[in-house]
């Protein structure tokens with residue numbers, strides 16, 4: 001594996017606390033930092049992918065609205081009322 005070195009500054013007290021914490025769980029500090037970096041990168045990639053998906057979906061909606069492909073308000077309200085009624089039934093059944 002190719003490796004590179006990352007150097008950064010931190011307060012001596014934080015370094016000492018980190019070293020103590022990693023020793024208490026029998027882990028090398030470098031491994032803990034690598035694990036953190038992997039998790040951070042994965043989390044950010046997921047956030048970026050979601051953001052791209054969301055922006056695409058919004059654009060699709062805007063394009064459909066601009067093309068006049070709209071759902072009438074009455075239809076939306078009726079569907080929402082049916083959904084609310086179903087949720088209320090499920091809640092009542094769960095408490096029966």
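Per the listing 62, 69, 88, the residue uniquely surrounded by 10 or more Cβ atoms within 10 Å (Cβ to Cβ), more than 27 Å from the chain's Cα centre (by Cα) and at pLDDT 95 or above is 88.
Output the helices (runs of 4 or more DSSP H) that fall wholly within the chain and possess 1 or more residues being in contact with a helix residue (DSSP H, G or I) (Cβ under 8 Å, 6 or more places away or on another chain) and without any contact (Cβ under 8 Å) to a residue 12 or more places away in the chain, or say none. Please lay out each step first, then the result.
Working: elements: 12-24, 29-66, 73-94.
Answer list for the chain: 12-24, 29-66.
The values are calculated or read from the model by the stated rules, or taken from the named source; none is laboratory data. Keep in mind the model is a prediction, meaning the values are calculated, not measured. No Cβ is skipped: glycine too gets one built from the backbone with ideal geometry, and neighbour counts run over all protein chains shown.
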